[in-house]
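Notes follow once the structure below has been shown.
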Amino acid sequence: MRQRIAVVGGGPAGLAFARVMHRHDRPVAVLERDPAPDARPPGGTLDLHEGLGRLAMDKAGLSAEFEALSRPEGQAMRILDTDGTVLRDWRPDPAERANPEIDRGQLRDLLLGPLDVRWGQGVTKVVPGGRDGVLVHFEDGRQEAFDLVVGADGAWSRTRPAVSPVTPHYTGVTSVETSLDDVDTRHPDLARLVGDGSVAVYGVNRAVVAQRNSGGHVKVHAQFRAPLDWHAHLDLGDAEAVRSRLLTLFDGWTAPVLDLLRHGTGFVHRPLHVLPVSHTWTHVPGVTLLGDAAHLMPPLGAGANLALLEGAELAESLADGSADPDDAVRVFEERMWARAGRWAKITAAGLERLVSPDPAAALAVFDQVQPSR
């Protein structure tokens, strides 16, 4: 008899898992809290790495479709001093495709494909060890039993408590996100500033990073070190009040960089939380975790790539059928923990240097990853 398998969460990890299972004719119930695919803005752009996210696309049989949608020119990166001096300006060769960019929404739609997602199915709790299997509790009061529940439900996972008591902790760094639409027509000077990829400016315990998405859309992230309650006397729903506070925080920076904040439409508060670098758990039959639910780390390019590959790898292990499903999950977890632990250390150290008292440390991070041309 085939296992009853559910994946909680319709993000990159959950959809990669379900899509690879679908490729092997293995049904999976995808349980997603959002009522529809477009219920929320999908987020910005992702660079999929060789051997990680791009390998997952291959395992899902989607490499050609990904290549058609991705933007290799989006790998370009420019770094400025706070006075506007260009410190680094790296542009990829035309054949450079190590980390091409793709919008999160495009990636989501690509993975969704033929999948039958159960939209509006918010999960509140997962209880293993029942007589009929693992019991999933839903927001509407229903319950349903599965043989395997894969928690791919992000930073504040409702599945995680079934295997681990650990919760995310604040890094001390907050990001406030805004965006600009139709930037090439409405703000051509800012379009040139951002270029085909990203522009980053690093100051003392401050950073502004702007990244081009497709369709003339630019995401801007103002990052700074502050207490978690830094906004205690600020109405985060008041866009003009948030804008004013950010302009004060970055006072003295060059006008074009401040214009990225002045012309932003709407602001989203994103304090950066992480799980412990070495987060593991004692294996629980019938439940496992993927992506941010398993190893939340700073958003420096690794998390989504790991999530995609983990979803694809776990699916392949289960679809193979040569091992007991629970043994396959155990082996997968050990491999995931080792790889995620290495990346968690790298990204934790990266965040410390990118938003630090010494802006030169941020420049050194870039030079280690991509020598200037």
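The values are calculated or read from the model by the stated rules, or taken from the named source; none is laboratory data. The structure displayed is predicted, hence computed values, not measured ones. Positions of Cβ are backbone-derived with ideal geometry, glycine not excepted, and every protein chain shown enters the neighbour counts. With ligands, DNA and RNA removed, areas are computed over all heavy atoms of the protein, side chains included. Shrake-Rupley method; radii C 1.70, N 1.55, O 1.52, S 1.80 Å.
What is the ratio of the Cα radius of gyration of the stretch 172-296 to 2.2 N^0.38 Å, with N the residue count, to two decimals?
That works out to 1.27 for the stretch 172-296.
Does anyone have the angle between helix 303-320 and the longest principal axis of the chain? Alpha-carbon axes, 0 to 90°, nearest 10?
It works out to around 20 degrees.
Got a sec? Which residues in the stretch 105-136 would a label at Arg330 touch, if it sits 7 Å along Cα→Cβ and we count backbone N under 18 Å?
Within reach of a label on Arg330, which here means backbone N under 18 Å from a point 7 Å along Cα→Cβ, the stretch 105-136 contributes 129.
Tally up the carbon and sulfur contribution to the accessible surface of the chain as a whole percent, 1.4 Å probe, everything protein left in place.
In the chain, the share of accessible area belonging to carbon and sulfur is 52 percent.
Given the whole protein assembly as supplied and a 1.4 Å probe, what does the accessible area of Lys219 come to in Å², nearest 10?
It works out to around 20 Å².
Cut-off 19 Å, label point 7 angstrom out along Cα-to-Cβ of Asp34: give me the residues of the stretch 208-233 whose amide nitrogen falls inside.
What the label zone holds, given the 19 Å backbone N cut-off, is 213-215, 217-220.
Pull out the extension gain between Asp320 and Thr282, defined as 0.36 nm times the separation in residues minus the alpha carbon to alpha carbon distance; nm, one decimal. Walk me through the intermediate numbers first.
On the way: separation 38, 0.36 × 38 = 13.68 nm, distance 2.42 nm.
Contour length minus Cα-Cα distance gives 11.3 nm.
What is the antiparallel percent of DSSP beta bridges lying wholly in the chain, to the nearest 5?
75
Could you pull out every one of the aspartates and glutamates with an alpha carbon less than 14 Å from that of Lys125, ignoring same-chain neighbours closer than 8 positions?
Lys125 reaches Glu32, Glu139, Asp140, Glu144, Asp153.
Mind listing the phi-derived Karplus ³J(HN,Hα) values for the stretch 183-190, rounded to whole Hz, using 6.51, -1.76 and 1.60 with θ = phi - 60°, and x for any glycine or proline?
Along the stretch 183-190, the couplings run 5, 5, 8, 7, 9, x, 5, 6 Hz.
Which is farthest toward the positive dipole end of the stretch 1-128 among Pro72, Val28, Gln106, measuring Cα position about the Cα centre, with Cβ charges +1 (Lys, Arg) and -1 (Asp, Glu)?
Val28
Can you list residues whose amide H is under 5 Å from Leu289's amide H, if they're 5+ apart or on another chain and H is modeled 1.01 Å from N?
Gly151
Could you give the size of the charge dipole of the chain about its Cα centre, using +1 on the Cβ of each K and R and -1 on the Cβ of each D and E, expressed in debye and rounded to the nearest 20?
The dipole of the chain has a size of about 460 debye.
Remind me, relative contact order of the chain in percent, using alpha carbon pairs under 8 angstrom and six or more residues apart?
In percent, rounded to a whole number, it is 23.
How far, in degrees from 0 to 90, does helix 359-369 lean away from the longest principal axis of the Cα atoms of the chain, to the nearest 10?
50
Starting at the first residue of the stretch 162-174, write each ³J(HN,Hα) from the Karplus equation 6.51 cos²θ - 1.76 cosθ + 1.60 with θ = phi - 60°, in whole Hz, x for Gly and Pro.
After applying 6.51 cos²θ - 1.76 cosθ + 1.60, I find 5, 10, 8, x, 6, 10, x, 10, 6, 7, x, 10, 10 Hz.
Roughly how many debye, to the nearest 20, is the charge dipole of the stretch 101-174 about its Cα centre, given +1 on each Lys and Arg Cβ, -1 on each Asp and Glu Cβ, and no other charges?
Working: 8 positive and 10 negative charges, 58 e Å.
Approximately 280 debye in magnitude.
Using a 1.4 angstrom probe, figure out how much accessible area the chain has per residue, in square angstrom, rounded to the nearest whole. Walk me through the numbers on the way to the answer.
Working: 16360 Å² over 373 residues.
Ligands and nucleic acids excluded, the figure is 44 Å² per residue.
Give me a comma-separated list of calculated 3J(HN,Hα) values for the stretch 30-43, in order, Karplus coefficients 6.51, -1.76, 1.60 applied at θ = phi - 60°, integers in Hz, x for any Gly or Pro.
8, 9, 10, 5, 4, x, 7, x, 9, 5, 10, x, x, x
7 Å from Cα along Cα→Cβ at both His24 and His217: what's the point-to-point distance in nm?
The modelled label-to-label distance comes out at 3.3 nm.
Placing unit charges on C-beta atoms (Lys and Arg positive, Asp and Glu negative, everything else neutral), compute the dipole magnitude of the stretch 145-258 about its Cα centre in debye, rounded to 20.
In total the dipole reaches around 320 debye.
For an R0 of 51 angstrom, estimate the FRET efficiency from the Cβ-Cβ distance between Asp358 and Arg131 and round to the nearest 0.05. Intermediate values should be presented prior to the final figure.
Details: r = 58 Å, r/R0 = 1.14.
My answer for the efficiency is 0.30.
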